[in-house]
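Working notes for the structure below.
Please treat every number below as a calculation from the coordinates, not as lab data. None of the values given here were measured: they were computed from a predicted structure. In this analysis, Cβ positions are derived from the backbone assuming ideal geometry, glycine residues included, and neighbour counts consider all displayed protein chains.
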Amino acid sequence: MAYTEEEIRHWLEEVKDPEIPVLSLNDLGVITGISVLENGKVKVEMTPTFVGCPAIDYMKSDVKEVLAKHGVEEVEVRVSFDTQWNSNMISEKGRQALKDFGLAPPPKHNLIVELDILEEVECPNCGSHNTDLKTPFGPTLCRSIHHCFDCKETFEQFKPI
Amino acid sequence: MNTPAIKDLLYKMADDQLILGHRNSEWTGFGPVLEEDIAFSSMAQDKIGQSQALYQLLHELGEAEPDTIAFTRNAEQFHNCQLTELPIGEYDFSLIRHFLFDHAELIRFEMLANSRYEPLAQLARKIKGEIKYHVMHANTWIKQLGNANEESISRLQNSLEYALPYALGIFEEGAHEEALQSEGIFPGEKAVMEEWKKRISERIEQTALRLPDFSQLQPVYGGRKGQHSEHLQPLLDEMSEVFRIDPTAEW
Ligand SMILES: [Zn+2]
């Protein structure tokens, strides 16, 4: 039984970020390579969002589980830093999913994150840019905490990295 | 590639990250404000994760498994600088240490992003983005508390003077400096230190704090060679307690 790369990628749509269950690993951008070998074995390359991300092990076993459910028996998941993840790798669909989840998507950047791009982040509740950064360290490694002066709400952002 | 030189470099960096990560984690539940509690816990998680990734590179060069390296060595086998092992003390000391150490760390990883040892270069490109947040955090608080009031300024000043000789110990040179430089693996401790002096001076100038004359300071060396203060072994015992109960357990 041979699979195509597209099929594998499509099935992986079912695997979500355990900390943000509306976001698939595809949309998060952490699946950096899929290859189907001649013997039918499937190789999936992944890279973590943060080096110390505790979710990577769950994601890894979820990938195997979901592919097994679709009949792919031999799966090798390799986690490496060959491709280094950055927040620009989150897809447009992923950015919309973050917004719907109430989490401000990370602003696109030129790979040099300066303090000013953390200020005036768009509030996911009311759309205002009249906001400021409260702390770059939120409840998980990938979130920062902000305050909106217009709707007076505190909100979180998936932080740019 | 000069494997002994690379291992030496990886060990000291990984040990710094692991030890300071554990020190930072001691603030969990005790931060002066909840926000700082979370910040130090997050930075601890980052640093411990980064140390694991560096130990993984060592493992790929033939050393033991990351957990074994992290949890079964004694103090004299650790190569962290003494700055990282000092107890957390009061918040002012932990903040100053975080400021001094993370500036050096960011410079180190920025330089290593261009290393000719590709696995380390890849990891450095990733880690420098994370450390940048640590530096931002330190800068924000140093600026705020370094200008706030007499008490905060004098506390930070005292901690700065206490910590600086230890901070210079970050840049203690090893036996492989020349090899690392000539092979394009790492530009060397002196290069990091020069840039570090520049960056921390710029930040300190924005506050009411005064930077002592570096030439008058006696750096605290020894950490890179396994010579440590009395504070390291008790920390290692505590860290490895769970691991040593059953080294084969799966977590
Ligand atoms: Zn708002």
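Return the percentage of antiparallel bridges among DSSP beta bridges fully within the protein assembly as shown, rounded to the nearest 5 %.
Rounded to the nearest five, the antiparallel share is 70 percent.
Taking 24 Å as the cut-off for C-alpha to C-alpha distance, list the pairs among B:K12/B:K128; B:K12/B:K143; A:K16/B:K128; A:K69/B:K126; B:K7/B:K197; A:K159/B:K128 that go past it.
B:K12/B:K143; A:K16/B:K128; A:K69/B:K126; B:K7/B:K197
In chain A, what cysteines have no partner Cβ closer than 4.7 Å?
Unpaired cysteines in chain A: A:C53, A:C142.
Report the equivalent ellipsoid semi-axes for segment B:1-129 in whole Å, largest first, defined as the square roots of five times the eigenvalues of the gyration tensor built from alpha carbon atoms.
26, 16, 12
Semi-axes of the equivalent ellipsoid for segment B:119-191, please: Cα gyration tensor eigenvalues, times 5, square-rooted, ordered largest first, whole Å.
33, 18, 7
Kirkwood hydrodynamic radius of segment B:3-245 from all distinct Cα pairs, in Å? Intermediate results must be reported in sequence, preceding the final value.
Numbers: mean 1/r = 0.0551 Å⁻¹.
Averaging 1/r across every pair of different Cα atoms and inverting gives 18.1 Å.
Could you pull out every residue, at least 5 positions away or on a different chain, whose amide H is within less than 5 Å of the one on A:L23? Hs are placed 1.01 Å off N in the peptide plane, and Pro or chain starts have none.
Close amide H contacts, sequence-distant or interchain: A:D17.
Out of residues 5 or more away from A:V79 or on other chains, whose amide H comes under 5 Å of its own, with H placed 1.01 Å from N in the peptide plane?
Result for A:V79 returns A:M46.
Using the Karplus curve 6.51 cos²θ - 1.76 cosθ + 1.60 with θ = phi - 60°, work out ³J(HN,Hα) for each residue of segment B:144-151 in order, rounded to whole Hz, and write x for Gly and Pro.
Here the 3J(HN,Hα) series is 5, 6, x, 10, 6, 8, 4, 5 Hz.
At 37 °C and a viscosity of 0.692 mPa s, what translational diffusion coefficient does Stokes-Einstein give for segment A:103-158, taking Rh as the Kirkwood radius over Cα pairs? Give it in µm²/s as a whole number.
Stokes-Einstein gives a translational diffusion coefficient of 294 µm²/s.
For the protein assembly as shown, just the Cα atoms, rotate onto the principal axes and tell me the three extents in Å, largest first.
Per principal axis, max minus min of the Cα coordinates gives 72, 57, 43 Å.
What's the Kirkwood radius of chain A in Å, using all Cα pairs?
16.7
Return the Rg/Rh value of segment A:5-85, two decimal places, where both radii are evaluated on C-alpha atoms and Rh is the Kirkwood radius.
Using Cα coordinates only, the ratio equals 0.93.
Out of every Cα pair in segment B:138-229, what percent are spaced more than 15 Å from each other?
It works out to 66 percent of all Cα pairs.
Taking Cα pairs under 8 Å and at least six residues apart, what relative contact order does chain A come out at, in percent?
With pairs under 8 Å counted, the relative contact order is 18 percent.
Counting other Cβ atoms within 10 Å, keep those with at most 15, restrict to DSSP loop, and tell me which GluC sites (Glu not before Pro) in segment B:156-200 are left.
Here the GluC sites (Glu not before Pro) that fit, given the DSSP loop and packing criteria, are B:E173.
What do you get for the angle between helix B:34-60 and the principal long axis of chain B? Use alpha-carbon atoms, 0 to 90 degrees, nearest ten.
On a 0 to 90 degree scale, this one is about 30.
Given DSSP loops and a limit of at most 14 other Cβ atoms within 10 Å, what is the longest stretch of chain B that contains no such trypsin sites (Lys or Arg not before Pro)?
B:1-115
With angles folded into 0 to 90 degrees, how steeply does helix B:91-112 sit against the dominant principal axis of chain B? Use alpha carbons for both and round to 10.
Approximately 50 degrees, to the nearest ten.
Which angle from 0 to 90°, rounded to the nearest 10, does the C-alpha axis of helix A:56-69 make with the longest principal axis of chain A?
The two axes meet at around 40 degrees.
Would you mind pulling out the separation of the Cα centroids of segment B:1-63 and segment B:153-195, in Å?
Segment B:1-63 and segment B:153-195 have Cα centres separated by 17 Å.
³J(HN,Hα) across segment B:190-195 via Karplus (A = 6.51, B = -1.76, C = 1.60, θ = phi - 60°), whole Hz, x for Gly/Pro?
Residue by residue, segment B:190-195 yields 4, 4, 5, 5, 4, 5 Hz.
Please list, in order along segment A:113-130, the HN-Hα scalar couplings obtained from phi with the Karplus expression 6.51 cos²θ - 1.76 cosθ + 1.60 (θ = phi - 60°), rounded to whole Hz, x for Gly and Pro.
8, 10, 3, 5, 6, 8, 8, 6, 5, 5, 5, x, 7, 10, x, 5, 9, 7
Quick query: amide H of A:T135 versus all other amide H atoms, modeled in the peptide plane; which residues come in under 5 Å with a sequence gap of 5 or more or a different chain?
A:I145
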